[in-house]
Amino acid sequence: MKLYYAPGACSLSPHIVTKELGLPVTLQKVSTKDKTMEGGGDFWQVNPKGYVPTLELDNGERLTEGPAIVQYLADQKPDAGLAPKNGTMERYRLQEWLNFLTSEVHKQFSPLFRPNTPEEYKPIAKENLGKRFDWLDKQLAGKEYLMGSKFSVADAYLFTLLTWTRPTQIGLDKWPNLKAYAERVRARPKVKEALKAEGLA
Ligand SMILES: N[C@@H](CCC(=O)N[C@@H](CS)C(=O)NCC(=O)O)C(=O)O
């Protein structure tokens, strides 16, 4: 399989998942700005939506959308338990988290990275994120990971999103459970490996 990624982007989430699962995946670096690829090629031809992550399967088929990709990867090695079994209530709980993360957290960060976002909007986006962080902080009280004591693909995603609090200058001191959680996930050996491979260690 081949994972199209950009260093530090949301593609870090499936990248972490491949490391945690020990799945052999080739990495293809993409410039999300100009849609070029390291070594040449037009990324628009790979994913007409123009964004990472994109996962190319061994049969050439391509899968997009982070929440779908991480579940596909987890299902390649179900015994690793990075996603509960399909059809169980726990699996829907995982999907509840993935959807929350993608729509309520990920996409609230996006305007903070766009050069054409009016400066006046940035505090509003940060306030919205703060409300989501309040919820996450409550949910993580007394818990190691989002789903309880076991690391799941939702943690790879949330950790990735939390790395963006640094460039956007959102201090996590107000949310001690979330702050401790980010440090806990960062300390995982496979997470460290993924960060290093993207030049972010
Ligand atoms: N809905 C997509 C969004 C992916 C996304 O926002 N990717 C960003 C990086 S974090 C990107 O490549 N942006 C470039 C662009 O949209 O032009 C998903 O969840 O996978």
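The values are calculated or read from the model by the stated rules, or taken from the named source; none is laboratory data. Note that the structure is predicted; figures quoted are calculated from it, not measured. Please note: Cβ atoms are built from the backbone with ideal geometry, for glycine as well, and neighbour counts cover all protein chains shown. Calculation scope for accessible area: heavy atoms of the full protein, side chains included, ligands and nucleic acids excluded. Shrake-Rupley method; radii C 1.70, N 1.55, O 1.52, S 1.80 Å.
Please verify whether residue 20 is more than 16 Å from the ligand (Cβ to nearest atom), within 16 Å of the chain's Cα centre (by Cα) and at pLDDT 95 or above, treating the condition exactly as stated.
Numbers: more than 16 Å from the ligand (Cβ to nearest atom): yes; within 16 Å of the chain's Cα centre (by Cα): yes; at pLDDT 95 or above: yes.
Considered against the rule, which asks whether it is more than 16 Å from the ligand (Cβ to nearest atom), within 16 Å of the chain's Cα centre (by Cα) and at pLDDT 95 or above, residue 20 comes out as yes.
For segment 30-54: of the residues being of a type in the set (A, V, I, L, M, F, W, C) and in contact with a Gly (Cβ under 8 Å, 6 or more places away or on another chain), which is surrounded by the fewest Cβ atoms within 10 Å (Cβ to Cβ)?
First, the residues of segment 30-54 that are of a type in the set (A, V, I, L, M, F, W, C): 30, 37, 43-44, 46, 52.
Then keep just the ones that are in contact with a Gly (Cβ under 8 Å, 6 or more places away or on another chain); that gives 43-44.
On the way: 43: 21, 44: 11.
Only one residue tops the list, namely 44.
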Among the numbered criteria (1) under 19 Å from the mean Cα position of the chain (by Cα); (2) under 20 Å from residue 19 (Cα atoms); (3) open to solvent by 70 Å² or more (accessible area, probe 1.4 Å), which one does residue 149 miss?
(1)
Verdict on residue 50 being over 16 Å from the mean Cα position of the chain (by Cα), within 11 Å of the ligand (Cβ to nearest atom) and not aromatic (Phe, Trp, Tyr):
yes
Looking for something surrounded by 15 or more Cβ atoms within 10 Å (Cβ to Cβ), out of contact with any Cys (no Cβ under 9 Å at 6 or more places or on another chain) and among the basic types (Lys, Arg) - is there at least one such residue anywhere in segment 155-173?
no
So the check is Cβ under 7 Å with 6+ separation or different chains; which pairs have a first residue in segment 187-201 that's more than 17 Å from residue 82 (Cα to Cα) and surrounded by 15 or more Cβ atoms within 10 Å (Cβ to Cβ) and a second one that's among the polar types (S, T, N, Q) and modelled with pLDDT of 95 or more?
none
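Please go through segment 152-184 and give me each residue that is assigned to a loop (DSSP other than H, G, I, E, B), among the basic types (Lys, Arg) and either more than 18 Å from the chain's Cα centre (by Cα) or more than 18 Å from residue 16 (Cβ to Cβ) (or both), ordered by number. Reasoning before the result, please.
Of segment 152-184, the ones assigned to a loop (DSSP other than H, G, I, E, B) are 152, 164-175.
With among the basic types (Lys, Arg) added as a condition, the list becomes 166, 174.
174, the sole residue that qualifies.
Looking only at segment 60-82, count every residue that is assigned to a loop (DSSP other than H, G, I, E, B), open to solvent by 20 Å² or more (accessible area, probe 1.4 Å) and more than 10 Å from the ligand (Cβ to nearest atom) and tell me the total.
So in segment 60-82, the residues assigned to a loop (DSSP other than H, G, I, E, B) come out as 60-61, 65, 77, 81-82.
Applying the additional criterion that residues be open to solvent by 20 Å² or more (accessible area, probe 1.4 Å) yields 60-61, 65, 77, 81.
This time we only want the ones that are more than 10 Å from the ligand (Cβ to nearest atom), so: 60-61, 77, 81.
Summing the residues that are assigned to a loop (DSSP other than H, G, I, E, B), open to solvent by 20 Å² or more (accessible area, probe 1.4 Å) and more than 10 Å from the ligand (Cβ to nearest atom) in segment 60-82 gives 4.
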Based on what the data block shows, is residue 4 among the aromatic types (Phe, Trp, Tyr), within 10 Å of the ligand (Cβ to nearest atom) and in contact with a strand residue (DSSP E or B) (Cβ under 7 Å, 6 or more places away or on another chain)?
yes
Exactly one of (1) over 16 Å from the mean Cα position of the chain (by Cα); (2) open to solvent by less than 30 Å² (accessible area, probe 1.4 Å); (3) small (Gly, Ala, Ser); (4) under 13 Å from residue 12 (Cβ atoms) is unmet by residue 125. Its number?
(4)
Any chance segment 96-114 includes a residue that's open to solvent by 70 Å² or more (accessible area, probe 1.4 Å), modelled with pLDDT of 95 or more, under 20 Å from residue 135 (Cα atoms) and hydroxyl-bearing (Ser, Thr, Tyr)?
no
What is the number of the single condition among (1) outside any helix (DSSP H, G or I); (2) farther than 18 Å from residue 196 by Cα; (3) of a type in the set (Phe, Trp, Tyr) that residue 44 does not meet?
(1)
Would it be correct to say that residue 36 is within 14 Å of the ligand (Cβ to nearest atom), within 21 Å of residue 164 (Cβ to Cβ) and among the β-branched types (Val, Ile, Thr)?
no
Could you tell me which of the residues 57, 21 is farther than 23 Å from residue 97 by Cβ and open to solvent by less than 50 Å² (accessible area, probe 1.4 Å)?
57
